[in-house]
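Here's the structure, in structure tokens; my notes come after.
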Amino acid sequence: MKIESVLVTGANRGIGLEFVRQLSQLSDPPSFIFATYRNTDSLQDLKEIEESSKKSKLILIKMDVTRPEEIEVAKKLIEDTVGERGLNLLINNAGVAQVQMFPNVTPENLEFHFKVNTEGPLLVLQAMLPSLEKAAQLKGEGGAMSASRAAVLNMTSMAGSITNAGVVFTEDLAVPSYKISKAALNMAMRVAAAKVKDKGVLIVMMCPGWVKTDMGDRSRAILEPEESIADMLKTLSTLNESHHGSYMDRLGNLYPF
């Protein structure tokens, strides 16, 4: 899998940070890795990767996915950098999860999750779509879909499965707003996938598993970030048009919507 340029949102910690780390350490890494963050006081780890990266140029971008004006600034910076070659890969990773159990869910809690987990990724995709389409066109119309050509990898969750809700895994019932927002994200990206199916831009939704991060509960989660991201990158390299619009785990096994 050869990716010339990649954008990772929410890249200053957890899963996003590990994506940046592993992408920069590939034997043939991207020429450009755009990594977004919200707060300047959380940049130490990203800056260390930036300083140690030998083959990739790591470009740090302050961007909150809930602020359209910041998305537009990021869009211009990325387009000015990649030019007509376009953006090959968008990893929609930024997300939130806050415990607030039913029947005590507040409108504020619902709106917060929806704005970050659903609205944010869709707005970022819409902004980056022209650049993604340029990358796809560069490899020729009618070619096979792949991450090396143009792709959008959305970090969803098994918690977003309506079919499995309250049946297969019940731990996530403590975060109903998170579940609702991830189910909505799956629908948003399913719609987007249907609209761009003839543009050569591959769109998938992938659950990283229960990962030991600040958001994922380090004390109870079962996966180290290194393992989760390594699995996802391996799976990403195998995806093609048959996976377009799919909802899967980190190993490529499909989840029911």
Notebook entry, point to check: Taking the Cα centre of the chain as the origin, how large is its charge dipole in debye, to the nearest 20, when only Lys and Arg (+1) and Asp and Glu (-1) carry charge on their Cβ atoms?
Noted result: 420
Next item on the list: Could you list the square roots of 5 times each eigenvalue of the Cα gyration tensor of the chain, that is, the equivalent ellipsoid semi-axes, sorted largest first and rounded to whole Å?
Entry: 27, 21, 18
Next item on the list: Could you calculate, for segment 119-210, the ratio of the Cα radius of gyration to the Kirkwood radius, expressed as Rg to Rh?
Entry: 1.06
Note to self: Can you give me the % of accessible surface on the chain that is carbon or sulfur? Probe 1.4 Å, all protein chains present, nothing else counted.
What the structure shows: 53
Check: In 5 Å bins starting at 0, how do the alpha-carbon pair distances of segment 1-101 split up by percent?
Finding: 2, 13, 25, 25, 20, 9, 3, 2, 1, 0
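Using only C-alpha positions, report the orientation-averaged shadow area of the convex hull of segment 189-239, nm², one decimal.
Averaged projected area of segment 189-239's Cα convex hull equals 4.3 nm².
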Margin query: Rounding to the nearest 10 and keeping the result within 0 to 90°, find how far the Cα-based axis of helix 120-138 lies from the longest principal axis of the chain.
Written below: 30
Item checked: Per residue accessible area in Å² of the chain, where ligands, DNA and RNA are left out and the probe is 1.4 Å -> 47
Next item on the list: Using θ = phi - 60° and the Karplus relation 6.51 cos²θ - 1.76 cosθ + 1.60, list the HN-Hα couplings for segment 71-85 in order, rounded to whole Hz, with x at every Gly or Pro.
Entry: 5, 5, 5, 5, 4, 5, 4, 5, 5, 5, 7, 8, x, 6, 6
Check: Karplus couplings for segment 89-101 from phi (6.51 cos²θ - 1.76 cosθ + 1.60, θ = phi - 60°), rounded to Hz, Gly and Pro as x?
Finding: 9, 10, 10, 7, 10, 3, x, 9, 8, 10, 5, 7, 7
Checklist line | Electrostatic dipole magnitude of segment 1-117 [Cβ: Lys, Arg +1; Asp, Glu -1; Cα centre; debye, to 20] | finding: 240
Next item on the list: Pull up the cross-link candidates among the lysines for LYS54, meaning alpha carbon to alpha carbon under 29 Å and not fewer than 8 places away within one chain.
Entry: LYS2, LYS62, LYS75, LYS76, LYS134, LYS139, LYS212, LYS234
Next item on the list: Please name which of THR118, SER27, THR9 has its Cα lying farthest along the dipole of the chain towards the positive end, using unit charges on Cβ (Lys, Arg +1; Asp, Glu -1) and the Cα centre as origin.
Entry: SER27
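The values are calculated or read from the model by the stated rules, or taken from the named source; none is laboratory data. Quick caveat: nothing in here was measured; it's all calculated off a predicted structure. Note that we place each Cβ from the backbone using ideal geometry, even for glycine, and neighbour counts take in every protein chain shown. With ligands, DNA and RNA removed, areas are computed over all heavy atoms of the protein, side chains included. Shrake-Rupley method; radii C 1.70, N 1.55, O 1.52, S 1.80 Å.
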